[in-house]
Amino acid sequence: MMDPEVSVRCCIAGGGPAGMMLGFLLARAGISVLVLEKHADFLRDFRGDTIHPSTLEIMYELGLLDEFLRRPHQEVRTLGGQIGDEFVEIADFTHLPTHCRFIALMPQWDFLDFLAEHAKRFPAFHLKMEAEARDLTVDSGVVTGLLATTPGGPIRVKADLVVAADGRHSALRERAGLDVLDLGAPMDVLWMRLSRGPDDPGQTLGRVDTGRIFVMLNRQDYWQCAFVIPKGGFDEIRARGLPALRQKIAGLAPYLRDRVDELKDWSDVKLLSVSVDRLRMWHRPGLLCIGDAAHAMSPIGGVGINLAIQDAVATANILTPKLLQGSVSQRDLEAVQRRREFPTRATQWLQVVLQNRVIGRVLASTAKMSPPFPVRLLGWVPFLRRLPARLIGLGFRPEHVGASALG
Ligand SMILES: Cc1cc2nc3c(=O)[nH]c(=O)nc-3n(C[C@H](O)[C@H](O)[C@H](O)COP(=O)(O)OP(=O)(O)OC[C@H]3O[C@@H](n4cnc5c(N)ncnc54)[C@H](O)[C@@H]3O)c2cc1C
């Protein structure tokens, strides 16, 4: 059982991709780090499974790639979509300048378990499950630690740096009074699982037709499906009943017709309320927000996990020498925001343009759809499919594990 008061160099609230990767990197450099995760394990609802080439490259740089890829996963090398009656290839990852020229689909809990397992090999790494960060401790305007609840009672953690990696509903960013810029989203997403038959297509794909968008990720024996709906439209869909939803899905992907009954009740359908936001300032003295806590991303491109990882790597690159040598200044925290703000803003800008100009319009459409000219062009000219692959697979500023992160 942990003492009621613990002292570490860095305390990270949240054991998601951002928190676990940062915990791993800091502990690897010999910095004492405590990660608090409010859940008892990583095995929770579906939260996205896409491990992009940029993250796989980081695993390579950490010497973990071969072992990582021995875990069950699927590899997506191209992305395509059916718009109306036409199928178009949209992205081709096979030309990326990375060791892995594919997206790996792996349940997020397996990825987090893998990181935790490796991080635990470093004596400086401490992970406390079922520990919920509730509040910050502040002394003369400087964050000096946090208060958390655990099954053994409340604990107080003293830390030179607190990192809020507690996700899109971050309690710590709220406690810190950091200002959130909400960019809005015209849609929500319903996530569900349907089994995959031997004669189903192999490719991960999207289907777009009159007022409907349906994305299917090939998970070998099942499809992880995303049904995009207008923002706030879930109540209306529920009121129309599950048979109507099943019918819509079967209309978009007729080969699922014999399986839509696997959606037995509404507990088989999970609502992701899409939000796109970012903090104007990611820090205050003694506190830094990263990952979704600093910027919730739209699901477009499935980049949330990867941006969270990139934030963690940049944070480790910039702050490791500071944490090893002395204290972390406000200027150091500013440097992390400066480094990661451009890729965040650029990605969100692109997502918002696509949300408003494409997704919003498709959801409002009543006529039969056909691919717009730029999408047709991707279908005709294979070379052009490298651009979306680069944006999705690597993003605007891929990070690399720097020598400074080694301490
Ligand atoms: C349904 C769904 C589908 C998604 N699909 C994809 C996808 O396909 N690809 C993709 O890249 N992204 C996807 N995302 C987004 C992706 O999950 C996030 O962008 C990513 O996980 C962000 O990582 P993070 O570490 O910043 O935050 P999170 O993954 O949200 O992790 C935060 C962690 O902090 C814990 N926590 C919260 N509050 C506290 C507290 N007070 N104290 C201690 N612990 C706390 C949470 O339990 C959680 O484990 C999806 C999200 C959802 C909800």
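For segment 365-379, a residue qualifies if it is among the hydrophobic types (A, V, I, L, M, F, W, C) and either closer than 18 Å to Phe102 by Cβ or in contact with a strand residue (DSSP E or B) (Cβ under 9 Å, 6 or more places away or on another chain) (or both), and the qualifying residues are Met369, Val375, Leu378.
Residue-wise test of (1) part of a helix (DSSP H, G or I); (2) more than 14 Å from the chain's Cα centre (by Cα); (3) among the hydroxyl-bearing types (Ser, Thr, Tyr).
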site: Gln310; (1), (2), (3): yes, no, no
site: Leu324; (1), (2), (3): yes, yes, no
site: Arg357; (1), (2), (3): yes, yes, no
site: Lys368; (1), (2), (3): no, yes, no
site: Val375; (1), (2), (3): yes, yes, no
site: Phe396; (1), (2), (3): no, yes, no
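A single entry from Arg280, Arg259, Arg331 fulfils the requirement of being basic (Lys, Arg), without any contact (Cβ under 8 Å) to a residue 60 or more places away in the chain and out of contact with any Pro (no Cβ under 7 Å at 6 or more places or on another chain): Arg331. If only residues of segment 59-86 that are in contact with an Asp or Glu (Cβ under 7 Å, 6 or more places away or on another chain) and part of a loop (DSSP other than H, G, I, E, B) are counted, the one that is nearest to Gly19 (Cα to Cα) is Arg71.
Taking the conditions (1) part of a loop (DSSP other than H, G, I, E, B); (2) surrounded by fewer than 19 Cβ atoms within 10 Å (Cβ to Cβ); (3) in contact with an Asp or Glu (Cβ under 9 Å, 6 or more places away or on another chain) in turn, Cys100 satisfies each one other than (2). Of the set (1) more than 13 Å from the ligand (Cβ to nearest atom); (2) modelled with pLDDT under 90; (3) of a type outside the set (Ser, Thr, Tyr); (4) out of contact with any Leu (no Cβ under 6 Å at 6 or more places or on another chain), all apply to Arg207 but (4).
Residues checked against (1) assigned to a helix (DSSP H, G or I); (2) within 11 Å of the ligand (Cβ to nearest atom); (3) under 13 Å from Thr315 (Cβ atoms):
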{"position": "Ala18", "(1), (2), (3)": "yes, yes, yes"}
{"position": "Leu26", "(1), (2), (3)": "yes, no, yes"}
{"position": "His39", "(1), (2), (3)": "no, yes, no"}
{"position": "Phe42", "(1), (2), (3)": "no, yes, no"}
{"position": "Gly48", "(1), (2), (3)": "no, yes, no"}
{"position": "Glu57", "(1), (2), (3)": "yes, no, no"}
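Note on segment 178-211: residues that are part of a loop (DSSP other than H, G, I, E, B), touching a Lys or Arg at 6+ places or on another chain (Cβ under 8 Å) and not hydroxyl-bearing (Ser, Thr, Tyr) amount to 7.
What do you reckon, is Asp160 farther than 30 Å from Lys368 by Cα, away from the ligand (no atom under 11 Å from the Cβ) and at pLDDT 95 or above? Criteria met by Asp160.
Within segment 265-305, the set of residues being assigned to a strand (DSSP E or B) and under 20 Å from the mean Cα position of the chain (by Cα) comprises Lys270, Leu271, Leu272, Asp277, Arg278, Leu279, Leu288, Cys289, His295, Ala296. Output the qualifying pairs, or none if there are none: Cβ atoms under 7 angstrom, residues six or more apart or on different chains, first residue in segment 205-222 and in contact (Cβ under 8 Å) with a residue 24 or more places away in the chain, second residue among the hydroxyl-bearing types (Ser, Thr, Tyr) and assigned to a strand (DSSP E or B). Filtered contacts from segment 205-222: Asp221/Ser195; Tyr222/Ser195. Asp311 meets the stated requirement of being charged (D, E, K, R) and closer than 22 Å to Gly48 by Cβ.
The values are calculated or read from the model by the stated rules, or taken from the named source; none is laboratory data. Fair warning: this is a prediction, and the values are worked out from it, not measured in the lab. Positions of Cβ are backbone-derived with ideal geometry, glycine not excepted, and every protein chain shown enters the neighbour counts.
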